[in-house]
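Notes follow the structure.
The values are calculated or read from the model by the stated rules, or taken from the named source; none is laboratory data. Only a predicted model underlies this, so the values are computations on that prediction, with no experimental measurement involved. Ideal geometry is used to build each Cβ from the backbone, glycine not excepted, and the neighbour counts take in all protein chains shown. To get the accessible areas, we keep the full protein, side chains included, count just its heavy atoms, and leave off ligands, DNA and RNA. Shrake-Rupley method; radii C 1.70, N 1.55, O 1.52, S 1.80 Å.
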Amino acid sequence: MAGPVSVAAEYLAGSRARAARTVLGQVVLPGEELLLPEQEDAEGPGGAGERPLSLNAGARSRVRVVCGPGLRRCGDRLLVTKCGRLRHKEPGSGSGGGVYWVDSQQKRYVPVKGDHVIGIVTAKSGDIFKVDVGGSEPASLSYLSFEGATKRNRPNVQVGDLIYGQFVVANKDMEPEMVCIDSCGRANGMGVIGQDGLLFKVTLGLIRKLLAPDCEIIQEVGKLYPLEIVFGMNGRIWVKAKTIQQTLILANILEACEHMTSDQRKQIFSRLAES
């Protein structure tokens with residue numbers, strides 16, 4: 001194991017910072033430093049017109065850059081913290097900057113503020129429920145974090161129930177905290193998930209793919225059977241159809257579609273439609 005580690009250390013120590021625009025879609029390694037071209041200077045890569053990617057809005061630079069997953073701010077620099085492909089999304093104004101993130105295939109879910117997840121109630125401690133979300137530690141959920149909940153009108157939540165909610169607190173120094181209401185105090189689809197149905201786990205990359213606005217898989221699945229489905233950013237999917245057989249078929253399709261091509265999916269959906 002010393003060989004690959006030493007080679008990677010030598011590469012990171014001897015390599016210079018690379019321009020972010022030249023490595024979009026390529027694999028980046030933890031510890032790399034990214035550069036962003038100055039808007040004022042139109043020079044080529046590696047020239048004087050490139051500087052370390054600055055996140056502070058200074059007097060000269062008006063470029064606003066947002067750090068996504070896999071990137072970390074270190075002073076005025078932007079460092080890579082995960083191994084994966086660098087992605088970029090242009091801002092709506094088209095004034096430069098935008099959102100940079102690293103698309104990686106990690107197995108363990110790391111809670112992120114605002115993510116909607118599916119959790120399992122594991123314990124009740126006073127007025128707080130402990131919810132397993134697949135992270136390094138359970139999340140806390142107050143009984144007042146449900147729509148219409150008061151001290152007298154407590155929600156009917158039991159150990160083992162499935163909870164669909166979102167994170168309001170999620171950082172490395174604090175215990176993650178969940179709620180089942182939005183900013184207006186409405187449930188908006190969140191809360192306790194029904195007793196029936198099937199819960200299974202997929203990769204985090206597949207969840208992001210299924211939640212994309214232009215995903216064809218969900219449209220094709222919806223044409224097969226009437227169903228109810230809930231996606232959690234922590235890699236969990238809850239699905240329910242009219243019969244147990246239909247539920248198992250839908251679960252198997254969603255698990256296998258990650259490694260299928262578009263033609264293979266069309267063949268399977270056409271066979272199921274005929275049967």
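Observations on the structure shown:
- Comparison of LYS113, LYS130, LYS124 shows that the only residue that is part of a strand (DSSP E or B), at pLDDT 80 or above, open to solvent by 80 Å² or more (accessible area, probe 1.4 Å) and not hydrophobic (A, V, I, L, M, F, W, C) is LYS124.
- Taken as a whole, the condition of being within 28 Å of VAL131 (Cβ to Cβ), touching a strand residue (DSSP E or B) at 6+ places or on another chain (Cβ under 7 Å) and open to solvent by 60 Å² or more (accessible area, probe 1.4 Å) applies to LEU211.
- Some residue of the stretch 188-197 being in contact with a helix residue (DSSP H, G or I) (Cβ under 6 Å, 6 or more places away or on another chain) and modelled with pLDDT of 85 or more: no
- Hits in the stretch 225-262 (condition: more than 17 Å from LYS209 (Cα to Cα) and without any contact (Cβ under 8 Å) to a residue 12 or more places away in the chain): THR243, ILE244, GLN245
- Scanning the stretch 198-221 for residues that are of a type in the set (D, E, K, R) and either at pLDDT below 90 or part of a loop (DSSP other than H, G, I, E, B) (or both) yields ARG208, LYS209, ASP214, GLU216, GLU220.
- The stretch 226-260 - residue that is within 26 Å of TYR109 (Cα to Cα) and in a loop (DSSP other than H, G, I, E, B) and, of those, modelled with the lowest pLDDT: MET260
- Candidates are the residues of the stretch 99-110 that are surrounded by 15 or more Cβ atoms within 10 Å (Cβ to Cβ) and under 13 Å from the mean Cα position of the chain (by Cα); the one that is nearest to ARG64 (Cα to Cα) is TRP101.
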